[in-house]
Structure formats: structure tokens, C-alpha cells
1. Only helices (runs of 4 or more DSSP H) wholly contained in region 2-101 count here; list those with 3 or more residues that are closer than 17 Å to residue 166 by Cα.
2. Got a number for residues in region 201-245 being without any contact (Cβ under 8 Å) to a residue 24 or more places away in the chain and surrounded by 19 or more Cβ atoms within 10 Å (Cβ to Cβ)?
3. Identify the residue in region 66-88 that is of a type outside the set (A, V, I, L, M, F, W, C) and surrounded by 14 or more Cβ atoms within 10 Å (Cβ to Cβ) and, among all such residues, is farthest from residue 114 (Cα to Cα).
4. Given (1) among the charged types (D, E, K, R); (2) within 18 Å of residue 277 (Cβ to Cβ); (3) at pLDDT below 95, where does residue 206 come up short, assuming only one miss?
5. For region 152-190, name all the residues that are surrounded by fewer than 20 Cβ atoms within 10 Å (Cβ to Cβ) and in a helix (DSSP H, G or I).
6. Please tell me if residue 50 is in contact with a helix residue (DSSP H, G or I) (Cβ under 7 Å, 6 or more places away or on another chain), surrounded by fewer than 17 Cβ atoms within 10 Å (Cβ to Cβ) and in contact (Cβ under 8 Å) with a residue 60 or more places away in the chain.
7. Before we move on, is residue 132 more than 29 Å from the chain's Cα centre (by Cα) and either at pLDDT 95 or above or under 14 Å from residue 5 (Cβ atoms) (or both)?
8. Does residue 147 satisfy the condition of being surrounded by fewer than 13 Cβ atoms within 10 Å (Cβ to Cβ) and in contact (Cβ under 8 Å) with a residue 40 or more places away in the chain?
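The values are calculated or read from the model by the stated rules, or taken from the named source; none is laboratory data. Quick caveat: nothing in here was measured; it's all calculated off a predicted structure. Positions of Cβ are backbone-derived with ideal geometry, glycine not excepted, and every protein chain shown enters the neighbour counts.
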Amino acid sequence: MSDLFYAMTMPGLETLAFSEIRATIPDSELVKFMRGIALFRLTTSPENLLDLRTTEDVFATLAHIKGLRRGQDALRVLHSATLNADLVGAIASWRRAHHGAKPRTWRVVSQMSGSYDFRRMDGGQAVIDALRKTMPRGIRLVEDDADLEIWLWLGGNDVLIGLRLSNATMRHRQYKREHLPASLRPTVAASMSWLSRPTAEDIVVDPLCGAGTILIERGLLAPSQRLLGGDIREQAITLARRNARSADVDTTWKVWDARELPLEASSVNRIITNLPFGKQIGTRAENEELYTALIQEFDRVMGPNGLMVSLTSEDRLWDTILQEHGWRTQKKVVFVVLGQPASIFVSERA
């Protein structure tokens, strides 16, 4: 017997997140990709799902409704689907994921994209009305800070009702106590690390490390030979050191100019970095000059058979500069970050 689950990610990173799920739990079976969601089946216990690093949240599925009609009958469909869901089985999955804890409270969270003939809160109320009839005794409804969160996700042709197995620490890591403007989301940093095809022999550098999120996520994802990060801002290095200590990740941090790295030629085999978008930091014109200087330096320090994973919203500019300087992009992942499109490039020297 298998159970249905789904993982929520940054929109565009669904396939990457499921690749980590498949690697972590080999018996996982993909059912469907949706915007920011991977729906899948498991035949084993879901505890390992909470160890995923590229996923924002994981859910035990109560209902998957396809092609929900737009009329008022839709609310009755939501109510009926919730009423007939295996809530007891989902709560059992929640308890296994939370080491046997007993839930005392519950609430409903509703999200809607696209147009419907009812309000988001009306959809949520239909779910609440059904759960009042099926929720086990002793678990009471509250407005905030509930043990059990049942999420209603209305995404156009697909609707999901799920019991959240994760909590806020899955997306907002506990180690990340220090932040900077344009600081990278940990799940995106983990996704970049995953795309770098990590090995224990890696010598990894993040030349523009900011608060250190990329290298910390790389260190938590898999063993490496050495992690080295730097930034032109001394404040950033101070914050990166604090975050790394909190995460218990061994990393060397230095203040430097990424255009003139204090590293020997061919001394690293992985570069993972978040390039300035030219929005909160820098401008489009500055990026053109900066990116050109950076690729020349990256080319110098990268060893044979090395791999670079880079993130930018300057998609065309970076793609052009990579090609002009003899780099070949193996893979490009386009997703949405802070409301704007961005691309992760996985590149090697041609």
C-alpha cells in the first residue's frame, strides 16, 4: 500500500526537488508536477521527508481534485473531498514525522491562484466545516500556531488538500540567524549545491558569499574536502562566520575582491555563487563590467573537469559572457525568486 504526499518548492524547482526526494527515498514514485509542487507516492514511512533540503514544505495528501468546476458546486466538492479523506491516516503520518507527538490543536490555511466563483476564505471554510465533523476529539480548532495545519491549495486545474508535516524551520533554517539584503533563500542555496553534483573530493569556493548560505548548505548536504568563501564586505564575512558556527559547518572565510581572488590557478573544482542581480545591489551597467571580470577570474582558479553553478536574473547577459569566454552550460533551471524570474546555470569550461 502506498500513501500520497507532496512537496512545495520555489516555482520552477519542482523537478530538482523530486530528484532529491528520489535519491533520499528510492521507492518514491512521481505522480505529477504542478507549479511549485511535486506530488508523489511512498510505500515507506515519511520521516525522511523532513530531512530534505531543497523543499520548502512537505504534506500528507488528504485530497487531490482535478478540474474543479468554477460554479458554487465547487464548495460542495471541497467539503465532500475533505469529509471523505483519510484524516486518521494523515495524522498518523504526522505523528511518525514528529516522533509520536500528540496534536492538540488544528487550523486551516488556504492559498489560491487563478479565478474561481468563490473567495479563498470560502474555500477554506468549506474545508473547516468538513473537518469539524471528522477531526478526532480532543484536537481543537484555533486561529494561529496550531499543531496540525491543513492547507487548501487552489491552483487552477488542480486542487490539493494536505496536512503539513513540516514546520517553519524547514524553509527558514535555524542556523540562519544573520541576514543581509538580497540574502539567498536556504532552499535555493541547497538546490544549487545539489546541482553541483557534490563529491567528498570537492574544493568549493563561493567568491561572493554574502551571509554564507550557499557554502553552509553545501556543507550540510554532503562531505567535501574544503569550503572557502569570501566577500568584499567585512560585515558579510562576520555574519557568515556566525551562521556557519551556528550550523556547525567548517568553512574558511576571507574578505576579498572576487575579481582578484587570492587563490592559486586551477586550485578549486567547484564554484557555487549568487551573482548580483543589479536590483537591490548594483545596476545593469555595473553587472556587465563585473560579470566579465568575474568570469575571467573564475576561469583562472577553476581546475580541470570543474563545475560552476551560478545564479542570476541577468540571464541573457550571463549566457552571452559565458559563451564568449569558452564556457558551456550543461543545464539551466529557470524559476521565480522574490517575484522575478532567475536562472541557475550549471556550466563547465568547453
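1. Here the list reads 14-24, 87-97.
2. Residues flagged as without any contact (Cβ under 8 Å) to a residue 24 or more places away in the chain and surrounded by 19 or more Cβ atoms within 10 Å (Cβ to Cβ) within region 201-245 amount to 0.
3. Within region 66-88, the subset of a type outside the set (A, V, I, L, M, F, W, C) is 66-67, 69-73, 76, 79-80, 82, 84, 86.
Still in the list and also surrounded by 14 or more Cβ atoms within 10 Å (Cβ to Cβ): 79-80, 82, 86.
Numbers: 79: 20, 80: 22, 82: 21, 86: 27 Å.
Top of the filtered list is 86.
4. Only one criterion in (1) among the charged types (D, E, K, R); (2) within 18 Å of residue 277 (Cβ to Cβ); (3) at pLDDT below 95 is unmet by residue 206, namely (3).
5. 168, 169
6. Yes, satisfied.
7. Taking the combined requirement at face value, the residue satisfies it.
8. Judged against the criteria, residue 147 is not a match.
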